[in-house]
Number of protein chains: 2
Amino acid sequence: MLKLYSFGPAANSMKPLLTLYEKGTPFEGHRLNPAIFEHHQDWFKAINPRGQVPALVDGDKVITESTVICEYLEDEHPGEVKLRPADSYGRAQMRIWTKWVDEYFCWCVSTIGWHRYVGNMVKSLSDAEFEEKVKGIPVFEQQVKWRRAREGFPQDLLDEEMRKIAFSVKRLNDHLADNEWLAGGMFTLADICNFAIANGMNYSFPELVNEADAPHLVRWIAQINARPAVQKMFAEVPMEKLRPQD
Amino acid sequence: MLKLYSFGPAANSMKPLLTLYEKGTPFEGHRLNPAIFEHHQDWFKAINPRGQVPALVDGDKVITESTVICEYLEDEHPGEVKLRPADSYGRAQMRIWTKWVDEYFCWCVSTIGWHRYVGNMVKSLSDAEFEEKVKGIPVFEQQVKWRRAREGFPQDLLDEEMRKIAFSVKRLNDHLADNEWLAGGMFTLADICNFAIANGMNYSFPELVNEADAPHLVRWIAQINARPAVQKMFAEVPMEKLRPQD
């Protein structure tokens, strides 16, 4: 059976989780605990040397990178429920939207999330304890991000990320004004990958994502939350509870 | 017939160009002139509102984003020459490598290229002429990049990009030590997309890309340059001549 190593149903972890739930593909879920840096432990780095979730294990193969995993599931375990348009142009549009999440949308939202919540996970550690944790992180850029989360991100970086978030919200809202779904006239991996980042923004960024300013984005978020597969996923897979910044 | 709007055979423009040459797919090439900012002119923004090359026109459809175009060609015009592994795991590995180019490798090399060559294109303009050019650029981040290229990139950014380039060279070289090609045991879009960035690095970054320090990368670059399709592309599509930084 497929094994999925992930955190709870948010951000990159949600992408393959929701893909599996939408398809109704049976899998064995292994939820790692970010609070104890389980993804940087040796047992998990033996599965993904980059120390990052999600990772999918299919027999003797390991597939990493959330968006790549979603297309892999579509290629190798398509099942009855198709989440990729049948036509090449629709697929191209879908890939432009998933690529945009990975290159732009996820990063600005992620930095603010780290600023608000993730820094707390390491602020109570002593310098020595923190350095011990950082030593276990294989990706240099992730080490930098952990240090910044602990010390505090520079204000000009936070301002720039907020600008990008506002731009992203407008881009999604404008497109969804004329389209029920993001690409190919159907619910696809483009919706899943963008929803993985956008879900909850009506709570975390209410000044941007609200009925008055982004009605089409709000409608699309509600529409996806109402899907049976989404409800089943949230009911079955617990979400991490991170304490907001003091 | 397919129409491809691009610059010469380097960086993102090379990705679909070489894909078409490898497949032997007939197409009408339209080479834009970056020295006169042709990609920011209204006629081209009517084709791609982001003002970026490459863009592929297939009948009444426009496909943008270089990596997406390559997969589109494989989906819609596969022809005899397959550039994507037939198995799902091989495709996933190919996509991890093309994604890595778009998210990491192309950016560090690009910044140094802009620092060395592109800044010259705008240094002789008056402030008013330059602002007029910038106004025509639809993507905000590209406006910022043009300003930085003109004013000079901050040294700490240049240092960080050089660190990333050294890391990228090592990553490619290590992988190519045990693999003839990057993914799936065959020449794929992963090779095309990485070659589009890596080709010429033995001249532009000789301190990193040389026989002693990166023999496998040097071997792979030479091997791709020897392919008939690559030689045909370089013979038929002229490269821009940019003057190095004074």
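Numerical summary
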{"read-out": "A:GLU22, sole failed condition from (1) more than 14 Å from chain B (Cβ to nearest Cβ); (2) open to solvent by less than 20 Å² (accessible area, probe 1.4 Å)", "value": "(2)"}
{"read-out": "All helices (runs of 4 or more DSSP H) inside segment A:132-217 with 2 or more residues being open to solvent by less than 10 Å² (accessible area, probe 1.4 Å) and within 14 Å of chain B (Cβ to nearest Cβ)", "value": "A:155-177, A:189-198"}
{"read-out": "Filter pass, A:THR98 being under 16 Å from the mean Cα position of the chain (by Cα), within 27 Å of A:GLY185 (Cβ to Cβ) and modelled with pLDDT of 95 or more", "value": "yes"}
{"read-out": "Tally, over segment B:47-60, of residues that are over 19 Å from the mean Cα position of the chain (by Cα) and either touching a residue at least 40 places away in the same chain (Cβ under 8 Å) or over 19 Å from B:MET1 (Cα atoms) (or both)", "value": "3"}
{"read-out": "Filter pass, B:ILE63 being within 19 Å of the chain's Cα centre (by Cα) and in contact (Cβ under 8 Å) with a residue 60 or more places away in the chain", "value": "no"}
{"read-out": "Selection within segment A:1-26 - free of Cβ contacts under 8 Å to residues at least 40 places away in the same chain and touching a Pro at 6+ places or on another chain (Cβ under 9 Å)", "value": "A:MET1"}
{"read-out": "Filter result for A:TRP43 (under 30 Å from A:GLU160 (Cβ atoms), among the aromatic types (Phe, Trp, Tyr) and either outside the structural domain of A:GLN143 (by TED's automatic domain parsing) or within 19 Å of the chain's Cα centre (by Cα) (or both))", "value": "no"}
{"read-out": "Helices (runs of 4 or more DSSP H) within segment A:32-120 that include 2 or more residues open to solvent by 50 Å² or more (accessible area, probe 1.4 Å) and more than 10 Å from chain B (Cβ to nearest Cβ)", "value": "A:42-45"}
{"read-out": "Some residue of segment B:215-224 being touching a strand residue (DSSP E or B) at 6+ places or on another chain (Cβ under 7 Å) and not charged (D, E, K, R)", "value": "no"}
{"read-out": "Evaluation of B:ARG163 against (1) farther than 30 Å from A:GLU74 by Cβ; (2) in contact with a helix residue (DSSP H, G or I) (Cβ under 6 Å, 6 or more places away or on another chain) (one fails), failing number", "value": "(2)"}
{"read-out": "Yes/no for A:GLU103 being at pLDDT 95 or above and more than 15 Å from A:ASP191 (Cβ to Cβ)", "value": "yes"}
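The values are calculated or read from the model by the stated rules, or taken from the named source; none is laboratory data. Everything numeric in this text was worked out from a predicted model, so none of it was measured. No Cβ is skipped: glycine too gets one built from the backbone with ideal geometry, and neighbour counts run over all protein chains shown. Accessible surface areas use protein heavy atoms only, side chains included; no ligands, DNA or RNA. Shrake-Rupley method; radii C 1.70, N 1.55, O 1.52, S 1.80 Å.
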